[in-house]
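Peer 1: Following this message is one structure expressed as C-alpha cells.
Bear in mind that the values in this text are calculations on the coordinates, not laboratory data. All values reported here derive from a predicted model rather than from experimental measurement. Positions of Cβ are backbone-derived with ideal geometry, glycine not excepted, and every protein chain shown enters the neighbour counts.
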Amino acid sequence: MKKVRLRLSSSYDVHIGPGMLTQTGHWLMESGLSDRAVIITNPIVKELYGEALEQNLAREGFEAVTLQVPDGEEQKSLDTATSLYHELSKCYAERTTPIIALGGGVIGDLAGFVAATYLRGVPLVQIPTTLLAQVDSSIGGKVAVNHDQLKNKIGAFYQPKLVISDISTLKTLPDKEFANGLAEVIKSAVVWDREFFTYLEMNLDSLKALSDRELEEAVFRSVKIKAEVVEKDEKDLGLRSILNYGHTIGHAIETAADFGIGHGEAIAIGMIAAARISNRMGILDIKELNRLTDFIRRADLMIETPRLALERIIQAVRHDKKVMAGKIRFVLPKAIGDVFITDKVEPSLMEQVLVGFNEES
Ligand SMILES: NC(=O)c1ccc[n+]([C@@H]2O[C@H](COP(=O)([O-])OP(=O)(O)OC[C@H]3O[C@@H](n4cnc5c(N)ncnc54)[C@H](O)[C@@H]3O)[C@@H](O)[C@H]2O)c1
Ligand SMILES: [Zn+2]
C-alpha cells in the first residue's frame with residue numbers, strides 16, 4: 001500500500017493499493033468523518049463493488065445510503081445534479097455528511113460537483129474505480145458538469161477530504177477503459193518524469209497483465225506527478241496546463257470521430273503528433289521521437305490510420321482556434337520527461353505531421 005499527500009489549500013491523502021475499498025470506513029474515521037455517508041455510483045459499479053463498500057461501512061458503524069445515476073457521460077449534467085440534490089434532501093444529508101463518489105471520472109466529476117454545491121459544500125471522498133480516474137480525474141479537485149454541448153462548462157475547484165484508489169477494482173475494467181487510463185499514465189511520464197517512462201518501458205507487459213505490484217507502482221507514480229504539478233498551480237493558471245499534453249490534437253480527433261474513438265487512442269495520436277511537431281521545429285531529437293512512438297505502439301494505443309479523417313481533424317482544430325481567439329496552445333516535448341508550452345505552432349506544420357499518419361502503413 002502506498003500513500004501520496006497533496007499539500008493544497010486543504011490537504012489530503014491518496015491511499016493506493018489492492019483491496020483498499022474494504023478499508024474505507026477506517027480511512028473515513030481517520031479523516032474525522034463518522035456516522036453517516038451517502039454513496040453516489042452507477043448500476044455497473046454498484047453491481048461490482050457497491051455491496052463490499054456498504055458492508056464495510058456498516059461494519060464500521062456508518063449508516064450509508066446509496067444513490068444511483070445511470071451510466072454515461074451524459075449524466076454529467078445539471079439535470080442529474082438537480083435530481084441528486086432532491087435525493088440528498090430526502091435522506092436528510094447534512095453539512096457534515098460525506099458524499100462518496102464510487103466510480104470512474106464521470107461519477108467523480110458529477111458527485112464532486114454535487115458535493116461542492118449542496119449546502120455550500122459537504123465533505124467529498126473519491127473512490128475512483130477506473131485507471132483514468134485513479135491517475136487523473138480524482139486528483140486535483142476539478143469537479144464539473146457539461147452544459148450547452150460543452151464539456152465541464154460549469155464547475156468548481158473543490159478538493160476531496162480523501163481519495164481511496166483500490167487497484168483491485170481495475171481488474172474488471174473493459175480493455176478500452178484500461179487503454180484510456182494507460183494513455184494518461186504515459187502522458188504523466190512524458191511531461192514530468194523520464195525515469196518513470198523508462199520504468200513503464202521495462203514493465204509494460206506486467207502492467208498490461210494487471211500485476212498488483214506494477215499497477216500499484218504506476219498509479220502511485222502518476223498520482224505523485226499530478227500532485228506535484230497541482231501543488232504548484234492549484235487553480236490551473238499556468239503550469240497545470242502541461243497535463244494537456246496530447247490533448248490539443250487529441251480533442252480534435254475525438255470531435256472529428258464523433259467520439260467513436262477512445263480518449264486514450266485520441267491522445268496517443270495527439271502525443272505523437274505534438275512530438276513530431278517539436279522534432280520538425282528542431283527541438284525534440286529524432287531518437288526521442290522514435291522511442292516515444294515505439295512505446296505507444298507497444299502499448300496498443302495506435303489506431304489504424306484509415307480511421308483518421310484528416311480533413312475533419314484539421315477543421316476541428318481550426319474551430320478550437322476560433323474559440324480561443326486565434327491562439328492554439330500546444331504542449332510540446334523537449335525531451336521525454338520535459339515539456340514546454342507554446343502558441344507558435346504553424347497550422348501548416350500541424351497538417352504536415354497529421355498527413356504523416358495517413359502516409360504510414
Ligand atoms: N476532473 C478532472 O480533473 C478530470 C480529468 C480527466 C477526465 N475527467 C473526466 O472523466 C470522465 C471520464 O472518466 P472515465 O474514463 O473514468 O469514464 P467513466 O466514468 O465513464 O467510466 C468508464 C466506464 O467504466 C465503467 N466502470 C467504472 N469502473 C469500473 C470497474 N472497476 N470495472 C468495470 N467497469 C467500470 C463505468 O461505468 C463506465 O461505463 C470524463 O467526463 C472527463 O471529462 C475529469
Ligand atoms: Zn485526458
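Peer 1: Just to confirm a number: summing +1 for Lys and Arg and -1 for Asp and Glu over residues other than ALA144 whose beta-carbon lies under 10 angstrom from that of ALA144, what do you get?
Peer 2: Overall, the nearby charge balance is +3.
Peer 1: Okay, next question. Based solely on its DSSP helices, what 222 nm [θ] is calculated for the chain when runs of n ≥ 4 H residues each add -39,500 (n - 2.57) and the sum is averaged over all residues, nearest 500 deg cm²/dmol?
Peer 2: Taken over the chain, the calculation gives -14500 deg cm²/dmol.
Peer 1: Which ordering of LEU284, LEU310 is given by a fewest-first count of other beta-carbon atoms within 10 Å?
Peer 2: Arranged by neighbour count, lowest to highest, LEU284, LEU310 become LEU310, LEU284.
Peer 1: How large is the charge dipole for segment 2-169, taken about the Cα centre, if only the Cβ atoms of Lys, Arg (+1) and Asp, Glu (-1) carry charge, to the nearest 20 debye?
Peer 2: Dipole about the Cα centre, nearest 20: 600 debye.
Peer 1: Can you tell me the dipole magnitude for the chain around its Cα centre, using point charges on the Cβ only (Lys, Arg +1; Asp, Glu -1), in Debye to the nearest 20?
Peer 2: Dipole about the Cα centre, nearest 20: 980 debye.
Peer 1: Around LEU67, with a cut-off of 11 angstrom between Cβ atoms, what is the net charge of the other residues, counting Lys and Arg +1 and Asp and Glu -1?
Peer 2: +1
Peer 1: Using only Cα atoms and rounding to the nearest 10 degrees, what angle (0 to 90) does helix 212-232 make with the longest principal axis of the chain?
Peer 2: It works out to around 80 degrees.
Peer 1: Between the alpha-carbon centers of segment 125-169 and segment 264-300, tell me the distance in whole angstrom.
Peer 2: After rounding, the separation between the Cα centres reads 27 Å.
Peer 1: May I ask you to order 260-272, 59-71 by the average number of other C-beta atoms within 10 Å around their residues, highest value first?
Peer 2: In decreasing order of mean packing, 260-272, 59-71 become 260-272, 59-71.
Peer 1: Through the Karplus equation 6.51 cos²θ - 1.76 cosθ + 1.60, θ set to phi - 60°, convert the phi angles of segment 12-19 into ³J(HN,Hα) values in whole Hz; use x for Gly and Pro.
Peer 2: With the stated coefficients, segment 12-19 comes to 7, 9, 10, 9, 10, x, x, x Hz.
Peer 1: Sort 166-172, 35-41 by the packing proxy (mean of other Cβ within 10 Å over each peptide's residues), most packed first.
Peer 2: Put in order of decreasing packing, that is 35-41, 166-172.
Peer 1: Which of GLY121, LEU57, THR169 sits farthest toward the positive end of the charge dipole of segment 2-169, with +1 on the Cβ of Lys and Arg and -1 on the Cβ of Asp and Glu?
Peer 2: After comparing all options, I get GLY121.
Peer 1: What is the set of long-range amide H partners of GLY103 at a cut-off below 5 Å, with H atoms built 1.01 Å from backbone N?
Peer 2: ILE127, THR129
Peer 1: Could the peptides 230-240, 335-345 be put in order, highest first, of the mean number of other beta-carbon atoms found within 10 Å of their residues?
Peer 2: 335-345, 230-240
Peer 1: Moving on. By how many nm would the segment from GLU346 to ASN152 lengthen if fully extended, with 0.36 nm per residue of separation less the alpha-carbon distance?
Peer 2: That works out to 67.0 nm of additional length.
Peer 1: Is there a quick way to get the dipole size of segment 175-359? I mean about its Cα centre, with the Cβ of Lys and Arg at +1 and of Asp and Glu at -1; what is the value in debye to the nearest 20?
Peer 2: Dipole size: approximately 640 debye.
Peer 1: Continuing with the same structure: What net charge is computed for the residues neighbouring GLY238, neighbours being all others with C-beta under 12 Å from the C-beta of GLY238, Lys and Arg scored +1, Asp and Glu -1?
Peer 2: Counting the neighbours of GLY238, the net charge comes to +1.
Peer 1: Among the listed pairs LYS224/LYS327; LYS161/LYS232; LYS171/LYS235; LYS153/LYS334, give every one whose C-alpha distance is greater than 25 Å.
Peer 2: LYS224/LYS327; LYS171/LYS235; LYS153/LYS334
Peer 1: Determine one quarter of the surface area of the Cα convex hull of the chain, which equals its mean projected area, and express it in nm² to one decimal.
Peer 2: Average of the hull's projected areas for the chain equals 16.8 nm².
Peer 1: Neighbouring Cβ atoms within 10 Å as the yardstick, rank SER137, SER11, SER348 fewest first.
Peer 2: In increasing order of surrounding Cβ atoms, one gets SER348, SER11, SER137.
Peer 1: So between LEU237 and SER11, what do we pick up on full extension, going 0.36 nm a residue minus the alpha carbon distance?
Peer 2: Using 0.36 nm per residue and subtracting the Cα-Cα distance, I get 79.4 nm.
Peer 1: Could you grab the relative contact order for segment 175-359? Cα pairs under 8 Å, six or more apart, rounded to a whole percent.
Peer 2: 28
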